[in-house]
Amino acid sequence: MRSKGSGSNCGVCAATVAVKSANSEARALWATSMQRWIDHIAAVIEVERAAGAAPVTLPAVELSTSLNLLNEAVMTASFAGHQPALPDHRVLDNLVHIWTTSIYGDTP
């Protein structure tokens, strides 16, 4: 059974979604912040690939973009109380699994 959001996370998430929907400056600020995360993670993926720790699969920027947008969607749904959504206490485990297997391949 799903919880209704985790207190302050729920309020912050709902407010962020509302501001992004209504305010073009907030959307632009969010997009800039997301692009920084995407660029950073793409660079980390490339370093891991160069070190032989991660296989070369999808282009790093595309993989990073997908993973970061996935984070946003899953956390927004769970923490803002949308349906369907994961229970709050399962969000991190699920996202870590998806990120790890997407970047490094199968896990033991």
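The values are calculated or read from the model by the stated rules, or taken from the named source; none is laboratory data. Since we're looking at a predicted model, the values are computed, not measured. Glycine also receives a Cβ, built like all others from the backbone with ideal geometry; neighbour counts cover every protein chain displayed. Areas reflect the complete protein model, heavy atoms only, side chains present, ligands, DNA and RNA absent. Shrake-Rupley method; radii C 1.70, N 1.55, O 1.52, S 1.80 Å.
Residue-level analysis places Ala54 outside the set of residues that are without any contact (Cβ under 8 Å) to a residue 12 or more places away in the chain and either of a type in the set (A, V, I, L, M) or under 17 Å from Ala14 (Cα atoms) (or both). For the stretch 45-67, a residue qualifies if it is closer than 13 Å to Thr100 by Cβ and among the charged types (D, E, K, R), and exactly one does: Glu48. When the test is whether a residue is out of contact with any Gly (no Cβ under 9 Å at 6 or more places or on another chain), of a type in the set (A, V, I, L, M, F, W, C), open to solvent by less than 80 Å² (accessible area, probe 1.4 Å) and not in a loop (DSSP other than H, G, I, E, B), Val19 passes it.
Within the stretch 69-81, can you find the residues that are under 14 Å from the mean Cα position of the chain (by Cα), more than 15 Å from Thr100 (Cβ to Cβ) and of a type outside the set (A, V, I, L, M, F, W, C)? Within the stretch 69-81, Glu72, Thr76, Ser78 qualify. Please find, within the stretch 58-102, the residue that is nearest to Gln35 (Cα to Cα) out of those that are in contact (Cβ under 8 Å) with a residue 12 or more places away in the chain and not in a helix (DSSP H, G or I). The residue in question is Ala80. Residues that are surrounded by 13 or more Cβ atoms within 10 Å (Cβ to Cβ) and of a type in the set (Gly, Ala, Ser) were ranked within the stretch 22-42; the one that is nearest to the chain's Cα centre (by Cα) is Ala42.
With respect to being free of Cβ contacts under 8 Å to residues at least 40 places away in the same chain and in a helix (DSSP H, G or I), Thr32 fits the description. Do the conditions hold for Ala54, that is, is it touching an Asp or Glu at 6+ places or on another chain (Cβ under 9 Å), modelled with pLDDT of 90 or more and surrounded by 12 or more Cβ atoms within 10 Å (Cβ to Cβ)? Yes. Residues that are over 28 Å from Ser21 (Cβ atoms), touching a Ser or Thr at 6+ places or on another chain (Cβ under 8 Å) and modelled with pLDDT of 95 or more do not occur anywhere in the stretch 73-88.
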